[in-house]
Each structure stands twice: as structure tokens, then as C-alpha cells.
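A.B. asks: Here it is, the structure in full.
Rule-based calculations on the coordinates, nothing more; no lab input. Note that this is a predicted model, so its numbers are computed, not measured. With ideal geometry, Cβ positions are generated from the backbone for all residues, glycine too; neighbour counts draw on all protein chains shown.
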């Protein structure tokens, strides 16, 4: 596997992870109490989305570091290594977004996790991670996080 493909995958995974960090919990899963103003519920949702964005960005950064370490090794990484990294991305982002409700951030994070899982199953995980679907999921997560005031790169 060529180092340029490793770098491409690293950038794709990093972008995806950064976007996936856009929202850990979504307060919209529980209706606010009658005495709770709507603005308080909205603020809570934004805060939990910000937390999810930050979490996914951290997951992405950690996996990017793993990819950079692999690319610095003298031997070309094996496809199984990329499969492991993509499965890790999927599992970690899914765990973060599991109970995050139905906010745009949570939905985008789940989509990114699903794309990572699909790419991990592909015989050529590097090419799959560069697919239009994976890129769209990353862009959607980046956009969703931006709407809650968090800049992520996926």
C-alpha cells in the first residue's frame, strides 16, 4: 500500500472523526418539564451537541495519530490495519452518539459511524474511506457541528 493512500485515509478518517465528535447527548430525547422554558431545553441540546462534537474530534485526532505512526513505519500498512482503525472509529463514535437523541449533530455522527463500518467491511478499506458517501458524512457532521458553534474537521 502506498504512503499516499495511507495519508489519504488518514485525512479521511481524521475528518470523519472530527465531525463525529459533534454531539454526545441530545436533550430533546426527554421533553422539558412544564416549568422549564424552551430556551433552557434548547441550550441544553446545544451544550450536549457541542460535547458530542468535541468527543468525535478527539476520537478522530487519536485515530489520525495512529495512522501517522503507521505511515512512518518502514513497512507498508496492511488493509487489516485500516479495517481495525475504521472499526474503531465506528465503534467509538457510535458509543458517543448512542443516546444523543435526534439532533442534526447526533444523526450526522451516526451516519459517519455507519460509513466507517461500511468502509471497514470493504476489501479495499482505503478506497472505501475515500468514497463520496464517507466524504458526505464527514461534511454533514462538520456542518452540523458548525451550527452549534464547534469547528471540527472530518
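A.B. asks: If I go through the range 104-126 residue by residue, how many of them are in contact (Cβ under 8 Å) with a residue 40 or more places away in the chain and either under 15 Å from the mean Cα position of the chain (by Cα) or in a helix (DSSP H, G or I) (or both)?
C.D. replies: Matching residues across the range 104-126 total 11.
A.B. asks: Quick one: which of 68, 152, 56 is outside any loop (DSSP other than H, G, I, E, B) and buried (at least 22 other Cβ atoms within 10 Å of the Cβ)?
C.D. replies: Matching residue, one of 68, 152, 56: 56.
A.B. asks: Just one of (1) closer than 20 Å to residue 62 by Cβ; (2) crowded, with 24+ Cβ neighbours inside 10 Å trips up residue 120, so point out which.
C.D. replies: Unmet for residue 120, out of (1) closer than 20 Å to residue 62 by Cβ; (2) crowded, with 24+ Cβ neighbours inside 10 Å: (2).
A.B. asks: Would you confirm whether any residue within the range 72-84 is over 21 Å from residue 152 (Cβ atoms), free of Cβ contacts under 8 Å to residues at least 40 places away in the same chain and within 16 Å of the chain's Cα centre (by Cα)?
C.D. replies: yes
A.B. asks: Exactly one of these conditions fails for residue 95: (1) more than 12 Å from residue 141 (Cβ to Cβ); (2) part of a helix (DSSP H, G or I); (3) without any contact (Cβ under 8 Å) to a residue 60 or more places away in the chain; (4) in contact with a helix residue (DSSP H, G or I) (Cβ under 8 Å, 6 or more places away or on another chain). Give me its number.
C.D. replies: It is condition (4) that residue 95 fails.
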